[in-house]
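Enquirer: Below are the structure tokens for one structure; questions will follow.
The values are calculated or read from the model by the stated rules, or taken from the named source; none is laboratory data. This structure is a prediction, so every number in the text was calculated from the model and none was measured. Here the Cβ is made from the backbone with ideal geometry for all residues, glycine too, and neighbour counts use every protein chain on show. Ligands, DNA and RNA are excluded from the accessible area calculation, which covers all protein heavy atoms including side chains. Shrake-Rupley method; radii C 1.70, N 1.55, O 1.52, S 1.80 Å.
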Amino acid sequence: VRQTARRTAVNKSRMSQYRTYVKKVETAIATGDATAAREAFREAQPVLMSGVNKGIVHKNTVARKISRLSRRINAIG
């Protein structure tokens, strides 16, 4: 039980960081600034992939998320 509580706390923290980086990219896309969006995306990719290595998200989920964000950034220009 103690281990579960500890792992839950760690995973919550990692998931929060994951969501924060995704949100940074999405806000940069929403502003329409392609360079800021690309920079935020470049910073977010390692965080998203580390979520796969840590076991908080499935690799296909991250691949899909990265692909969709990339397409939206490229659509900006």
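Enquirer: Roughly how big is the chain's charge dipole about its Cα centre, with Cβ charges of +1 (Lys, Arg) and -1 (Asp, Glu), in debye to the nearest 20?
Expert: Rounded to the nearest 20 debye, it is 480 debye.
Enquirer: Let me ask something else. May I ask which residue of SER70, ASN53, ALA30 lies farthest towards the positive end of the charge dipole of the chain, with charges of +1 (Lys, Arg) and -1 (Asp, Glu) on Cβ and the Cα centre as origin?
Expert: The Cα lying farthest towards the positive end belongs to ASN53.
Enquirer: What accessible area per residue, rounded to a whole number of Å², is obtained for the chain using a probe radius of 1.4 Å?
Expert: Accessible area per residue, the chain: 69 Å².
Enquirer: Let me know the shape class of the chain, please: from the alpha-carbon gyration tensor, a ≥ b ≥ c as square roots of the eigenvalues, rounded when a/c is under 1.5, otherwise prolate if a/b is greater than b/c, or oblate.
Expert: Since a/c reaches 1.5 and a/b is larger than b/c, the shape of the chain is classed as prolate.
Enquirer: In addition: Taking all protein chains as present, what is the carbon and sulfur share of the accessible area of the chain, in % to the nearest whole number, probe 1.4 Å?
Expert: That fraction is 50 percent.
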